[in-house]
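Let me begin by presenting the structure, written as structure tokens, before commenting on it.
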Amino acid sequence: MAFSATDAAFEGFRLVRRKPMVVVAWSLLYAVLSLTALFVMSRSIGALLDWSAQAEAMEAGGATPAEIGQLFQAFGGVLLNLAWLLPVALLVSAMLSAAVARGVLEPKAGGFGYLRLGKDEMRVLVVTLVLSVLMSALAMVVFAVVGVMKGFAAAAGEGWGWLIAVIVGLAGAAALIWLAVRLSLAVPITVAEKRMAIFDSFALTRGRFWPLLGMAIIAGVMVLIVGFLSSIVTMPLSLMSGLEGWTFGAHDNPEAMRAALDVSNPWVIASALVEAIVNALTVAVLYAPFAAAYRDLKGLQPAA
């Protein structure tokens, strides 16, 4: 069960080098999701802008409770038109997570870029959702405790109260990091062992917190480097497509918003495709190390 954190951290690059077509497959999946989201948002932008104008008018001139109720109902209708994108995005994320784990643990498995839509993906979806809800709930508890302590410190006017609040906040953050690392192998275990393994990662990561944390940090740094280098290409495309201009303050310009979401614009399509490639590389670099860690800790044979 030899495990090298630095060796596992670069597993994503080895996976891409061993089978470059995974980047093509994952990029296409990301591109389809991105362009679909842009198209749906472009269809809803008119209703959203109308709602925003009505809200500003009511805020300026006052409104009756009935009018406010109608306004919220209209906003709910806009959100409902976009709501289906969230489960689709979660499903795509589960497919990619399973594909990366499969590429590391089962390199001879079939499928275009190891992509599938079956029981493995459903199990990964459930596991990731449960763990996300758990981590979010614990983070909310930490923030709530820190907020309460800050309130007491402010009411008491004692400087030491703020110090205790800061210490508790740092301790809570450290606890969340520790828990995230201990649960980090849940997806590889789920894919490899064909079962939902929500908390099974605890046993496998016992006594290996620091190497796994170091591996995650190295992988995160690699992701930052990939993002920085890719920005040389993505930034000009974003400017040409209008998306960057919208992001930097043109959100109150309806025409700029519509242009940034216009999927008939070649620059928008080109920007979405390049972003899809970057996202595919990011997924490989960020997720593959954890599958490699599971493989090495279990003593499985690495891919040739």
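Those residues that are in contact with a Lys or Arg (Cβ under 9 Å, 6 or more places away or on another chain) and closer than 12 Å to Gly103 by Cβ, I need them from region 6-25; list them, please.
Glu11 - this is the single residue of region 6-25 that is in contact with a Lys or Arg (Cβ under 9 Å, 6 or more places away or on another chain) and closer than 12 Å to Gly103 by Cβ.
So if I check each of Val233, Val221, Val226, Val187, which one is modelled with pLDDT under 80 and aliphatic (A, V, I, L, M)?
Unique residue meeting the criteria: Val233.
In the list Ala175, Ala165, Ala197, which residue meets the criterion of being touching a residue at least 12 places away in the same chain (Cβ under 8 Å) and outside any helix (DSSP H, G or I)?
Exactly one residue qualifies, and that residue is Ala197.
In this structure, does Gly207 turn out to be without any contact (Cβ under 8 Å) to a residue 24 or more places away in the chain and within 23 Å of Thr6 (Cβ to Cβ)?
Yes: the conditions hold for Gly207.
Would you call Met122 assigned to a helix (DSSP H, G or I), at pLDDT 90 or above and in contact with an Asp or Glu (Cβ under 7 Å, 6 or more places away or on another chain)?
no
Just checking, does region 253-263 include any residue being modelled with pLDDT of 90 or more, surrounded by 15 or more Cβ atoms within 10 Å (Cβ to Cβ) and basic (Lys, Arg)?
no
Please enumerate the residues belonging to region 264-304 that are modelled with pLDDT under 80 and surrounded by fewer than 21 Cβ atoms within 10 Å (Cβ to Cβ).
Ser264, Asn265, Pro266, Trp267, Leu300, Gln301, Pro302, Ala303, Ala304 - these are the residues of region 264-304 that are modelled with pLDDT under 80 and surrounded by fewer than 21 Cβ atoms within 10 Å (Cβ to Cβ).
Here's a check for you: in region 162-217, which residue that is charged (D, E, K, R), under 23 Å from Ala8 (Cα atoms) and surrounded by fewer than 16 Cβ atoms within 10 Å (Cβ to Cβ) is farthest from the chain's Cα centre (by Cα)?
Arg206
The values are calculated or read from the model by the stated rules, or taken from the named source; none is laboratory data. Note that this is a predicted model, so its numbers are computed, not measured. Because the Cβ atoms are built from the backbone with ideal geometry, glycine has one as well, and the counts that use them run over all protein chains shown.
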